[in-house]
Amino acid sequence: MHSREHQRKFGFDWIIIVLFLLLVVFGWLNIMSASHEGEIGSYFDMSQLYGKHAVFVGLTFVLIILILSVEAKFYERFASVIYIVAMLALVGLFIFGKDVNGARSWYGIGSMTIQPSEFAKFATALAVAKYMSDLQTNMSTILDQLKAVALIILPAVLILLQNDAGSTIVYASFFFVFYREGLQQIYLAIAISAILLAILALKFGILITGVIATIGVFSSYFFRRKKRASLLQSVVILLVCISFSAGVRLFYEHALKPHQQNRISLWLRLEKDPAKLERMKKEEAYNLIQSEQAISSGGWAGKGFLQGTRTTGKFVPEQHTDYIFSTVGEEWGFLGSTFVVILFMALIIRVLYLAESQKSVFSRVYGYGVASILFIHFTINTGMVMGLIPTVGIPLPFFSYGGSGLWGFTILLFIFVKLDSNKINEW
């Protein structure tokens, strides 16, 4: 009885493993729906994308065995080395990388490609956990905050320079990790304010945004009873808000590429010219419109596995990658989509729950990094597919086609499974 209880508490967490298996298998079935052509003769037909992905899934189990076989302390001890190797792999793309769809994000190995940015996520999570668990690190000091931010800025910038803006956004997820480890609430307020100001500046212009900011800043000044800021400080805050708003407009108009401008314009409904709006819909929003129609056509229970007319008819380009969730919506309907959402939420909540139970700071911080990365991927991908946020090229974990993505997320998750299994030895 004692050994069973001991094993239940300190063995591998089977809830995470079962959730992972359900997501991977369901993801593969949807890749089959999105990529099959005609009759399916063999589930492992290597001429088809679903056949290749089946091989990726098979190799994933080999990868899991290797990850769980390594001593848990290895990941903490060599976190810095793993991070440096990952950064060198990103730098190497500028010399040896292969261009795919305008992004220089892959190494070509024969007929296969490897995307280092998918592996840089777990490497960065390890590096952040290593730094923040150091006894000398104090996240209440500006210097240590800047050092922690530098760890996530480096891969984000390298990936952005490879023209992969979607993967760059993922690194903002570490803000949640910092917040859990003692980052002051003022940073959260600043982040929310910046997002709101950016949206207002693009939607209504600098003048109206300035008026709204003025009302907000001086309302805060006059109605705060405790610790009222000086009038000069409020004026400075207002000037910063207006300058930031102007900077957002300039960045949107002069730094973003036309297709990026169009995606934001469609999301915020900025375009007033009907002719131009129609052209933008045909060019920039074609994938999104087809995705929304596929999801809505699924209704309550869906059209059935391999029965989606829009999926079978290839109406949604690249449906097996970033738009895989539209396959779920069409063939499995609202019920199937809800099931997938529940699986992801259960996995993220389970990781957070276990992270809080860790005895070592390293394991806890890494666990929060895992949950944050999964959350931002899931939220952005599903939001993009349904038109709730601008179109961003970002895969759905364990669902989207590709070996690099599947293996990167698997390593990310199962390193935490290994760390969690070792918590009895952490004091």
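The values are calculated or read from the model by the stated rules, or taken from the named source; none is laboratory data. As the structure is a prediction and not an experimental result, all values here were calculated from the model. Cβ: placed from backbone, ideal geometry, glycine included. Neighbour counts: every protein chain shown. Please note that ligands, DNA and RNA were not included when accessible areas were found on the heavy atoms of the full protein model with its side chains. Shrake-Rupley method; radii C 1.70, N 1.55, O 1.52, S 1.80 Å.
Show LEU126, LEU266 ordered by accessible area, largest first, where the area counts protein heavy atoms only and the probe is 1.4 Å. Intermediate values should be presented prior to the final figure.
Values: LEU126 0, LEU266 40 Å².
Output order, biggest surface exposure first: LEU266, LEU126.
Here are a few candidate values for Rg/Rh (Cα atoms, Kirkwood Rh): (1) 1.17; (2) 0.99; (3) 1.34. Which one was actually calculated from the structure I just gave you?
(2)
Give me the extension gain from THR309 to GLN293: residue separation times 0.36 nm, minus the current Cα-Cα distance, reported in nm with one decimal.
On the way: separation 16, 0.36 × 16 = 5.76 nm, distance 1.10 nm.
Roughly 4.7 nm would be gained on extension.
Using Cα pairs closer than 8 Å and at least 6 residues apart in sequence, work out the relative contact order for the stretch 36-143, in percent.
Details: 72 pairs, mean separation 19.5, N = 108.
The value is 18 percent.
With θ taken as phi - 60° and the coefficients 6.51, -1.76 and 1.60, list the Karplus ³J(HN,Hα) couplings across the stretch 325-339 in order, rounded to whole Hz; mark glycine and proline as x.
5, 5, 5, 4, x, 6, 8, 10, x, 4, 5, x, 5, 5, 4
Report the accessible area of TRP332, computed with a 1.4 Å probe over the heavy atoms of all protein chains in place, in Å² rounded to the nearest 10.
Approximately 70 Å² for this residue.
Mind checking the dipole of the chain: about its Cα centre, +1 per Lys or Arg Cβ, -1 per Asp or Glu Cβ, Debye to the nearest 20?
Numbers: 35 positive and 27 negative charges, 272 e Å.
My answer is approximately 1300 debye.
When the Karplus curve 6.51 cos²θ - 1.76 cosθ + 1.60 is applied with θ = phi - 60°, which whole-Hz ³J(HN,Hα) does each residue of the stretch 406-423 get, with x for Gly and Pro?
Per-residue couplings from phi come out as 4, 5, x, 5, 5, 4, 3, 6, 7, 4, 5, 4, 5, 4, 5, 5, 9, 5 Hz.
Got the relative contact order for the chain handy, in percent, Cα pairs under 8 Å and 6 or more residues apart? Walk me through the numbers on the way to the answer.
On the way: 547 pairs, mean separation 112.4, N = 427.
Dividing the mean separation by the residue count of the chain yields 26 percent.
When only alpha-carbon atoms are used, what values of Rg and Dmax, in angstrom, describe the stretch 121-185?
For the stretch 121-185, the Cα radius of gyration and maximum Cα-Cα distance read 12.0, 37 Å.
Report the extension gain between ILE199 and SER220 in nm, rounded to one decimal, defined as 0.36 nm multiplied by the number of residues separating them, less their alpha carbon distance.
5.5 nm
In deg cm²/dmol, rounded to 500, what helix-only [θ] at 222 nm does the chain give when every DSSP H run of at least 4 residues adds -39500 (n - 2.57) and the total is split over its residues? Don't skip to the answer; put the middle values down first.
Working: 19 runs with 297 residues, N = 427.
Rounded to the nearest 500, it is -23000 deg cm²/dmol.
Can you give me the relative contact order of the stretch 306-379 as a percent, contacts being Cα pairs under 8 Å and 6 or more apart? Display every interim value, and only then the final one.
Details: 41 pairs, mean separation 14.8, N = 74.
Here the relative contact order equals 20 percent.
Mind giving me the nanometre distance, one decimal, between the label points for LEU88 and LEU268, set 7 Å out from Cα along Cα→Cβ?
With each label point 7 Å from Cα toward Cβ, the separation is 4.3 nm.
Convert each backbone phi in the stretch 212-221 into a coupling constant with the Karplus relation 6.51 cos²θ - 1.76 cosθ + 1.60 (shift: θ = phi - 60°), then list the ³J(HN,Hα) values in order as whole Hz, x for Gly and Pro.
5, 5, 4, 4, x, 5, 7, 5, 4, 5
Of LYS52/LYS121; LYS73/LYS147; LYS121/LYS147; LYS52/LYS314; LYS121/LYS423; LYS147/LYS203, which pairs sit farther than 27 Å apart, going by alpha carbon to alpha carbon? Kindly include the intermediate steps, with their values, before the conclusion.
Working: LYS52/LYS121 24 Å; LYS73/LYS147 23 Å; LYS121/LYS147 17 Å; LYS52/LYS314 19 Å; LYS121/LYS423 23 Å; LYS147/LYS203 35 Å.
LYS147/LYS203, as the Cα separations exceed 27 Å there.
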